[in-house]
1. Collect the residues in the stretch 269-316 that are small (Gly, Ala, Ser), within 12 Å of the ligand (Cβ to nearest atom) and not in a helix (DSSP H, G or I), keeping them in residue-number order.
2. Working carefully through the options SER205, SER229, SER160, find the one that is outside any loop (DSSP other than H, G, I, E, B) and within 25 Å of ALA307 (Cα to Cα).
3. I'm checking my understanding of the structure. Among residues of the stretch 396-429 that are in contact with a Lys or Arg (Cβ under 8 Å, 6 or more places away or on another chain), of a type in the set (A, V, I, L, M, F, W, C) and not in a helix (DSSP H, G or I), which one is surrounded by the fewest Cβ atoms within 10 Å (Cβ to Cβ)?
4. Just wondering, is there one or more residues in the stretch 297-305 that are more than 24 Å from the chain's Cα centre (by Cα) and crowded, with 16+ Cβ neighbours inside 10 Å?
5. Out of LEU323, LEU393, LEU389, LEU333, which single residue is among the aliphatic types (A, V, I, L, M), in contact with a helix residue (DSSP H, G or I) (Cβ under 6 Å, 6 or more places away or on another chain) and either at pLDDT 95 or above or at positive phi (or both)?
6. With respect to GLY255, is the statement that it is exposed (fewer than 15 other Cβ atoms within 10 Å of the Cβ), in a loop (DSSP other than H, G, I, E, B), away from the ligand (no atom under 16 Å from the Cβ) and within 19 Å of the chain's Cα centre (by Cα) true?
7. So which helices (runs of 4 or more DSSP H) stay within the stretch 65-121 end to end and still have 3 or more residues that are under 16 Å from the mean Cα position of the chain (by Cα)?
8. For the stretch 153-169, what are the residues that are surrounded by fewer than 23 Cβ atoms within 10 Å (Cβ to Cβ) and of a type outside the set (Gly, Ala, Ser)?
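The values are calculated or read from the model by the stated rules, or taken from the named source; none is laboratory data. None of the values given here were measured: they were computed from a predicted structure. Because the Cβ atoms are built from the backbone with ideal geometry, glycine has one as well, and the counts that use them run over all protein chains shown.
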Amino acid sequence: MTKSNDGNRHPPAGGRGTGKTPGNRGGKPSRGAQRGAVTGGSEPSAGESAGGLGARRAAADAIDAVLVNGRPLEEALERLTRDLDERDRGLARMIAASVLRRLGSLRAAIGACLESPLPERGRRAETLLLVGAAQILLMDVPDHAAVGTSVTLAAEQPASAGYKGLINAVLRRLTREGRALLEAPGGAHPDLAPDLPDWLMAGWSRAYGAEAAARAAAMLGTEAPLDISVKADGEGWAEKLGGRLLPTGSIRLVGAGNITALPGFSDGAWWVQDAAAALPARLMRAGTGMRVADLCAAPGGKTAQLAATGAHVTALDRSGSRLKRLSQNLARLGLEAEVVEADAAAWQAAQPFDAVLIDAPCSATGTIRRHPDVAWTKGPRDVASLAGLQARLLDHAATLVRPGGCLVYSTCSLEPEEGEQQVARLLAASDAFERDPVLPGESGIAAEWLTAAGEVRTLPYHLPDPDPRYAGLDGFFAARLRRRG
Ligand SMILES: C[S@@+](CC[C@H](N)C(=O)[O-])C[C@H]1O[C@@H](n2cnc3c(N)ncnc32)[C@H](O)[C@@H]1O
């Protein structure tokens with residue numbers, strides 16, 4: 001049932017503060033909600049809803065795949081948008097990412113238009129409301145198309161057909177009042193970070209302080225720029241691509257469009273890699289003649305960096321399918337590495353390496369800006385079990401480093417259990433290694449990105465820029481250790 005403007009607000013279904021998973025709706029359904037009662041607005045015409053229906057359907061299905069089945073967004077979109085043209089693929093991706101990035105805020109705005117939360121069987125209807133609301137409130141889409149397509153999609157499934165009228169009425173109301181509901185400070189949602197689960201915000205507040213956690217959350221609600229790494233001639237490629245050369249050597253682009261059509265892609269001059277993700281390999285000081293191992297290598301961003309230095313690189317990963325992608329990426333770039341499919345926690349090398357990188361599998365909470373599904377598919381239990389795997393991988397990687405050699409451990413997680421605590425544990429357990437601190441300015445690394453111990457700890461709001469489209473970094477951790485000789 002929709003609610004008149006002056007009624008009491010109900011909390012959003014799921015979302016921050018309820019202690020529920022995003023797909024878990026609370027509250028009893030009202031009769032009106034069950035029956036899809038309409039309080040205003042009229043049905044859109046068929047003509048209004050005809051265009052882009054496939055993109056919206058794919059977006060809704062992808063959101064359900066993430067929130068209901070816990071699947072990664074990229075995997076879902078790849079499957080669901082296979083038959084769409086490039087424009088619709090882009091639209092589906094944009095809608096799904098916008099919903100997942102602002103899930104709590106959108107639910108709050110929708111909830112403010114409902115007298116009671118939708119019942120469990122209204123799940124699809126809620127997804128279609130989110131799809132419509134994201135287009136109306138966050139994207140440059142004509143309102144009538146956003147409303148019409150959600151209503152048409154509702155009619156497609158028995159579970160949502162009864163909600164057509166309600167979806168129409170709520171979305172029409174959002175076209176009039178939604179921005180105020182979304183932006184009202186402490187209004188529809190009084191929390192600082194309505195778009196992230198409590199456990200993440202609590203952990204970041206403990207680790208970095210409440211203000212830093214809030215700044216990180218604010219940055220994660222925005223779209224990320226495109227960062228690329230180049231084999232050589234950063235300045236030249238920045239100019240050719242109309243991008244900015246960052247102090248770390250990465251190039252940053254905004255509004256780049258289809259990356260495979262950009263100059264240099266088919267020639268293998270560069271590859272996509274977040275600027276923070278490019279730091280761990282730089283810390284290894286690899287160069288011609290060095291023997292280097294990249295032990296969790298696929299899909300090969302860091303392998304490519306290391307190979308481009310002229311080092312002899314062994315790229316190892318447990319996943320054969322991901323290694324296939326690594327080999328394809330290296331072939332496009334014209335770079336070489338010895339590729340090994342094995343478990344990095346057990347693999348034995350013929351002789352120790354000059355430098356070993358362990359870019360461990362992790363919760364990836366530092367990449368939520370690029371992968372907003374991570375916030376809703378990962379939980380504290382994932383962090384705990386991944387920390388166990390990381391410890392095994394790091395301990396074994398340490399045995400593969402020659403005396404005097406270098407060990408770099410990195411993760412794209414903001415959780416200290418997957419970063420600082422792993423390294424502290426290794427150093428406490430054995431005196432075979434010591435820290436080789438990273439100094440401010442090395443590889444363009446800002447002092448603000450370093451811990452007191454000389455480890456790299458980038459936070460999403462680092463690398464600010466007056467133009468917000470160019471601001472921010474993935475959250476990354478990287479530590480450099482030296483094996484005592
Ligand atoms: C964070 S990703 C690596 C990203 C890669 N370094 C890059 O820059 O493109 C982690 C990788 O670890 C691999 N992995 C997970 N467990 C592993 C294990 N026990 N042994 C080897 N690789 C493993 C995964 O298959 C995944 O490719």
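1. Of everything in the stretch 269-316, those that are small (Gly, Ala, Ser), within 12 Å of the ligand (Cβ to nearest atom) and not in a helix (DSSP H, G or I) turn out to be ALA276, ALA277, ALA278, ALA293, ALA297, ALA298, GLY300, ALA315.
2. SER229
3. Filtering first and then ranking leaves VAL401.
4. no
5. LEU333
6. Spelling it out, GLY255 is indeed exposed (fewer than 15 other Cβ atoms within 10 Å of the Cβ), in a loop (DSSP other than H, G, I, E, B), away from the ligand (no atom under 16 Å from the Cβ) and within 19 Å of the chain's Cα centre (by Cα).
7. Once the helices (runs of 4 or more DSSP H) in the stretch 65-121 are filtered for at least 3 residues that are under 16 Å from the mean Cα position of the chain (by Cα), what remains is 73-80, 86-101.
8. Those that are surrounded by fewer than 23 Cβ atoms within 10 Å (Cβ to Cβ) and of a type outside the set (Gly, Ala, Ser): GLU156, GLN157, PRO158, LYS164.
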